[in-house]
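Asker: Sharing a structure here in structure tokens format.
The values are calculated or read from the model by the stated rules, or taken from the named source; none is laboratory data. Owing to the predicted nature of the structure, the values given are computational and were not obtained by experimental measurement. Here the Cβ positions follow ideal geometry from the backbone for every residue, glycine too, while neighbour counts run over all protein chains shown.
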Amino acid sequence: SNPQMGSEHHPILRAADCRAKGGAPGFKVAILGAAGGIGQPLSMLMKMNPLVSVLHLYDVVNAPGVTADVSHMDTGAVVRGFLGQPQLESALTGMDLVIIPAGVPRKPGMTRDDLFNINAGIVRTLCEGIAKSCPNAIVNLISNPVNSTVPIAAEVFKKAGTYDPKKLLGVTMLDVVRANTFVAEVLGLDPREVSVPVVGGHAGVTILPLLSQVKPPCSFTPEETEYLTKRIQDGGTEVVQAKAGAGSATLSMAYAAVKFADLCLRGLKGDAGIVECAFVASQVTDLPFFATKVRLGRGGAEEVFQLGPLNEYERVGLEKAKKELAVSIQKGVSFIKK
Ligand code: NAI
């Protein structure tokens, strides 16, 4: 296996490596789990992002194929592939942003928590690699159950002495993307004009859309509120059932992941006013982690915003969300501490 799969390594190429080494403007991004259902379209879309100068694609299977394929796209980023644990360190060295969609997805009848036993170990291994090879990188964690894998990652980084809470972000962007879409459908608007804050966590009742804070300002009947809240909370399950055993959301997730990664890169670049929801270390509630709007900057999630005014329906939802979240967070923490 070639330790540096990618199109710039053929000996005939005059510019071999110089595009990447010559300080081409842009960021270095690694995708861990790049050959998966999310990983493949995510790799393609990140190769199209003009802020990316180097794209490292890592997986335990099929990384060479995905790398060869994506590397033929005539966009700026230099693409390199890395296969299997022995190449994890080279995949991660020098990275500014690491996106993690590695792990098994749900099948019909499964909750995200049912994935814990397999994905917890995968996330631990990958985060140990990050602590060792790119401790300053921003981490976008997609692997489920996000409510537990983010606490796992935090504990791994604490153990390694590299933990920066601002740089560890659980990706809840798909909940926001779904909420924007479903709310726009109800209101008869273009989803691009709609912005719905979704707070709490990323599983069932922990997903709490704040419909009272939708932009543009609007109001919903109790029936609409109930329909929208349920549909947003069960959006993932809707896809799992429709795919009938073939996995969970991959295309909309890849879209959401690049939307979020692009915001992180714009923050790293120093753009002002970059605000989006993410599951982060937080003092907004009495829980150690919580998803709210955060401001993304050079240091990651530089500011964590308060919840803002909630209506009665949302206050009830918040209590339910917190109860389940507390258990999932504790489960993640004890996985490393035990
Ligand atoms: P998939 O099974 O199609 O792909 C997962 C990939 O991870 C595979 O290519 C596999 O080889 C790779 N992988 C397994 N162990 C690995 C390791 N130790 N190191 C590196 N790569 C490894 O699954 P899919 O559909 O891409 O989903 C991936 C994860 O994303 C699942 O945990 C799923 O639940 C989660 N997800 C999260 C969402 C969110 O909103 N945060 C939404 C949808 C899915």
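Asker: Could you run through the range 182-202 and say how many residues are closer than 16 Å to CYS277 by Cα, within 16 Å of the ligand (Cβ to nearest atom) and either small (Gly, Ala, Ser) or not in a loop (DSSP other than H, G, I, E, B) (or both)?
Answerer: Adding up the residues that qualify gives 4.
Asker: A further question on this structure: Report, by residue number, each residue of the range 86-132 that is among the hydroxyl-bearing types (Ser, Thr, Tyr) and more than 21 Å from LEU265 (Cα to Cα).
Answerer: Keep residues of the range 86-132 that are among the hydroxyl-bearing types (Ser, Thr, Tyr), which gives 90, 93, 111, 125.
Of everything in the range 86-132, those that are among the hydroxyl-bearing types (Ser, Thr, Tyr) and more than 21 Å from LEU265 (Cα to Cα) turn out to be SER90, THR111, THR125.
Asker: Restricted to the range 9-37, and to residues that are of a type in the set (D, E, K, R) and under 30 Å from VAL123 (Cα atoms), which residue is modelled with the highest pLDDT?
Answerer: The extreme case among them is LYS28.
Asker: Can you run down the residue pairs with Cβ atoms below 6 Å, 6 or more apart or on separate chains, where the first is in the range 60-74 and surrounded by 13 or more Cβ atoms within 10 Å (Cβ to Cβ) and the partner is among the basic types (Lys, Arg)?
Answerer: Partner pairs satisfying both residue conditions: VAL70/LYS47; MET73/LYS47.
Asker: Another one. Among the residues of the range 203-220, are any in contact with a Ser or Thr (Cβ under 8 Å, 6 or more places away or on another chain), over 22 Å from GLY308 (Cα atoms) and of a type in the set (Val, Ile, Thr)?
Answerer: no
Asker: Continuing with this model, one more query. What do you reckon, is ALA154 away from the ligand (no atom under 16 Å from the Cβ) and in a helix (DSSP H, G or I)?
Answerer: In short, yes.
Asker: Among the residues that make up the range 220-237, is at least one of them more than 20 Å from VAL186 (Cβ to Cβ), in contact (Cβ under 8 Å) with a residue 40 or more places away in the chain and within 14 Å of the ligand (Cβ to nearest atom)? Even if it seems obvious, please write down each step before you answer.
Answerer: Residues of the range 220-237 more than 20 Å from VAL186 (Cβ to Cβ): none.
Looking through the range 220-237, none of the residues is more than 20 Å from VAL186 (Cβ to Cβ), in contact (Cβ under 8 Å) with a residue 40 or more places away in the chain and within 14 Å of the ligand (Cβ to nearest atom).
Asker: Under the condition of being assigned to a helix (DSSP H, G or I), within 9 Å of the ligand (Cβ to nearest atom) and in contact with a Ser or Thr (Cβ under 6 Å, 6 or more places away or on another chain), which residue from the range 99-150 is nearest to SER328 (Cα to Cα)?
Answerer: Going through the qualifying residues, I end up with THR149.
Asker: Regarding PHE182, is this residue surrounded by fewer than 24 Cβ atoms within 10 Å (Cβ to Cβ), within 23 Å of LEU251 (Cβ to Cβ) and of a type outside the set (A, V, I, L, M)?
Answerer: yes
Asker: For the range 251-293, give me the residue count where each residue is of a type in the set (A, V, I, L, M, F, W, C), touching a residue at least 40 places away in the same chain (Cβ under 8 Å), within 16 Å of the ligand (Cβ to nearest atom) and part of a helix (DSSP H, G or I).
Answerer: Looking only at the range 251-293, we keep the residues that are of a type in the set (A, V, I, L, M, F, W, C), and these are 251, 253-254, 256-258, 260-261, 263-265, 268, 272, 274-275, 277-281, 284, 287, 289-291.
Pick out the ones that are also touching a residue at least 40 places away in the same chain (Cβ under 8 Å) and you get 251, 253-254, 256-258, 260-261, 264-265, 268, 277-281, 287, 289-291.
If we keep only those that are within 16 Å of the ligand (Cβ to nearest atom) as well, we get 251, 253-254, 256-258, 260-261, 264, 277-280, 289-291.
Narrowing further to those that are part of a helix (DSSP H, G or I): 251, 253-254, 256-258, 260-261, 264.
Qualifying residue count for the region: 9.
Asker: Answer yes if at least one residue in the range 206-216 is within 12 Å of the ligand (Cβ to nearest atom), touching a residue at least 24 places away in the same chain (Cβ under 8 Å) and assigned to a loop (DSSP other than H, G, I, E, B), and no otherwise.
Answerer: Within the range 206-216, not a single residue is within 12 Å of the ligand (Cβ to nearest atom), touching a residue at least 24 places away in the same chain (Cβ under 8 Å) and assigned to a loop (DSSP other than H, G, I, E, B).
Asker: Counting only residues that are within 30 Å of LYS28 (Cβ to Cβ), surrounded by fewer than 18 Cβ atoms within 10 Å (Cβ to Cβ) and over 13 Å from the mean Cα position of the chain (by Cα), how many does the range 217-274 have?
Answerer: Number satisfying all stated conditions: 8.
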